[in-house]
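Down below is the structure, laid out as structure tokens.
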Amino acid sequence: MVSQQQPRDDVEIILVDDDEDVLTAGRLLLAQAYGHVRAISHPKAIGPRGALPRVLLLDMNFGPGQTTGEQGLHWLARLLKHDPDEVAIMVTAHGDLGTAVDAMKCGACDFVTKPWQNAQLLATVEAGVTLARTRARAGGSAAGRNAPESPAVDAPKIIGDSMAMRRVLELVALAAPVDANVLVLGENGTGKDLVARAVHQASRRVDGPFVAVDLGAVPDTLFESELFGHKRGAFTDARSDRTGRLLSASGGTLFLDEIGNVPLASQAKLLGALEQRRVTPVGATASEPFDVRLIAATNLPPEQLADPQTFRQDLLFRLNTIEIVLPPLRERPEDVPALVRHYLPYYEERYEKPSREVDESVLDALATHPWPGNVRALRHAVERAVIMAGGASYRLEDFALPATARAVATAAASSGSTPLDQELNLDALERRAVSAALNKHGFNISRAAKELGLTRAALYRRMEKHSL
């Protein structure tokens, strides 16, 4: 543990709190680990950063009766405006977690709650020290300081000019320069991994590793070994030491895909590691520090994430400092033509196929399809069209949509409206409504039934009635 070693004198720690008892307790604890510790009662006395890297522990409230946290946010904003490389850890009471999360969105690197656990406070400060030293080695991050114009998202990868996608790109640009954790929500195939890579590429950690883990493919029994690593002989198949993903990503970004698949017991272990900023490999006796920017993603809807029986709310607090929601493709049909035109030349070159034109009527028809597999499904349809097309231009049939979908798409494209606007036959309307709900939810019976206002059993009866 840091506190058992000789106090290090290569960093400055400043504790800012209006409670003298807190200042005394914090100063005595931190002085065991760090040689330069200042305890002051108001942010006005902080002063400019000197030659040493430093970490600020900044209280959220100053003065009697103050509980909103607005003072802490105000001073954090002033400090970061003067010096964007300032490393600030917010100190808050348990009831102000929401405000502390807001502070991380504004640029704080972490937060601790009062009354704190000594080991947790030291681990959080040490992670802040690592970040401060990294920024100092980068020469004060002069390039990063002027980087509001820089969060350049890799445009060829994230395609879309709809209002929904513009908002996503704005959030990526806002999230990238700060070190706050990011949670990406969206259905399968919407491109959550591309958003994670875009955040990393526009961040201060771009020169560090980007390590991705598909937690949906990691068995529960291997969760600790995968993330924390293991020592040789720790279990039957552990024939050599293995570095876990948290340590492999140190200095860079760790992308945890399908975080919603992690069982509650493993969620608790992950939360402990994130709070301590240290990890103990399976079979090891000593922990090791890590420094990662965490991006997590899940296809779980928000209501399931908010259920404590499904997902730990304290872990959710750690993950969703910044939340980016990716819209499904059916909600941004205006982006379909651009996506098709993006993937066609890629697959034409890959398969050494001739370049073909695609008619606007075909693009309009494709835009009316609900694409239950989202961008991934569209990409596969384009790949298939490139391989199978034989004419001078691409036809709708080349994209291998289901026959019913082709009919719906063709009718909608030719009439300029959906068949539901034209069809008045109740049976036909019911069939199309059921089909649309099933496609929208990827044939998830529970979600489709809920949207239609039916029970699961009633939906099954209608599916059988209409041969769906």
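The values are calculated or read from the model by the stated rules, or taken from the named source; none is laboratory data. Quantities reported herein were computed from a predicted structural model and do not represent experimental measurements. Don't worry about glycine lacking a Cβ; one is built from the backbone with ideal geometry, like all the others, and counts go over all protein chains shown. Just so you know, the surface numbers come from the protein's heavy atoms only, side chains and all, with ligands and any DNA or RNA stripped out. Shrake-Rupley method; radii C 1.70, N 1.55, O 1.52, S 1.80 Å.
May I ask you to list the lysines whose Cα is less than 25 Å away from that of Lys440, ignoring any residue fewer than eight positions away on the same chain?
Lys157, Lys192, Lys450, Lys465
List every residue whose amide H lies under 5 Å from the amide H of Glu323, counting only residues 5 or more places away in sequence or on a different chain, with H placed 1.01 Å from N in the peptide plane.
Leu183
If you put +1 on each Lys and Arg Cβ and -1 on each Asp and Glu Cβ, how big is the dipole of the chain around its Cα centre, in Debye rounded to 20?
Details: 52 positive and 59 negative charges, 126 e Å.
Its charge dipole is roughly 600 debye.
Compute the acute angle (0 to 90°) between the alpha-carbon long axis of helix 456-465 and the principal axis of greatest extent of the alpha-carbon atoms of the chain; round to the nearest 10°.
Relative to the chain, helix 456-465 is tipped by roughly 20 degrees.
Output ³J(HN,Hα) for region 324-337: one whole-Hz value per residue in order, computed from phi by the Karplus curve 6.51 cos²θ - 1.76 cosθ + 1.60 with θ = phi - 60°, and x for Gly and Pro.
For region 324-337, the Karplus-derived couplings read 10, 9, 8, x, x, 5, 5, 8, 9, x, 5, 8, 4, x Hz, x marking Gly and Pro.
Summarise the accessible area of the chain (1.4 Å probe, protein heavy atoms) by the percent that is carbon and sulfur.
Values: 11360 of 22300 Å².
It is 51 percent, rounded to a whole number.
I'd like the orientation of helix 192-201 relative to the chain: the angle between its Cα long axis and the longest Cα principal axis, in ° from 0 to 90, rounded to 10.
40
Measuring with a 1.4 Å probe in the full set of protein chains, what accessible area per residue, in whole Å², belongs to region 208-275?
44
What percent do you get for the relative contact order of the chain when only Cα pairs under 8 Å and 6+ apart count? Please list the in-between numbers first.
Numbers: 781 pairs, mean separation 51.2, N = 468.
Taking the mean separation of contacting Cα pairs over the length of the chain, I get 11 percent.
Report the GluC sites (Glu not before Pro) located in region 277-362 that are in a DSSP loop and have at most 13 other Cβ atoms inside 10 Å of their Cβ, or state none.
Hits after loop and neighbour filter: Glu352.
With every atom except the alpha carbons ignored, what do you get for Rg and Dmax of the chain, in angstroms?
Just the Cα atoms of the chain yield Rg and Dmax of 26.4, 82 Å.
When only the heavy atoms of the protein chains count and the probe is 1.4 Å, how do Thr92, Thr310, Thr243 rank by accessible area, highest first?
The most accessible residue leads, giving Thr243, Thr310, Thr92.
Output wanted: per-residue J couplings in Hz (rounded whole) for region 43-53, from phi through Karplus 6.51 cos²θ - 1.76 cosθ + 1.60, θ = phi - 60°, x for Gly and Pro.
x, 4, 8, 5, x, x, 6, x, 6, 7, x
For Lys81, list the lysines whose Cα falls under 24 Å from its own Cα; do not include residues on the same chain fewer than 8 positions away.
Partners found: Lys44, Lys105.
Starting at the first residue of region 271-281, write each ³J(HN,Hα) from the Karplus equation 6.51 cos²θ - 1.76 cosθ + 1.60 with θ = phi - 60°, in whole Hz, x for Gly and Pro.
4, x, 5, 5, 6, 7, 6, 9, 9, 10, x
Using Cα pairs under 8 angstrom and six or more residues apart, how large is the relative contact order of region 283-371, in percent?
Value for region 283-371: 26 percent.
Divide by every residue of the chain the summed helix terms, -39500 (n - 2.57) for each DSSP H run of at least 4, and state the resulting mean residue ellipticity at 222 nm, rounded to the nearest 500 deg cm²/dmol.
Calculated mean residue ellipticity at 222 nm is -13000 deg cm²/dmol.
Counting only C-alpha contacts under 8 Å and six or more residues apart, can you give the relative contact order of region 200-291 as a whole percent? Walk me through the numbers on the way to the answer.
Numbers: 147 pairs, mean separation 32.6, N = 92.
Dividing the mean separation by the residue count of region 200-291 yields 35 percent.
Which value, in Å², gives the accessible area per residue of region 338-382 when a 1.4 Å probe is used on the protein heavy atoms? Walk me through the numbers on the way to the answer.
Values: 2360 Å² over 45 residues.
That works out to 52 Å² per residue.
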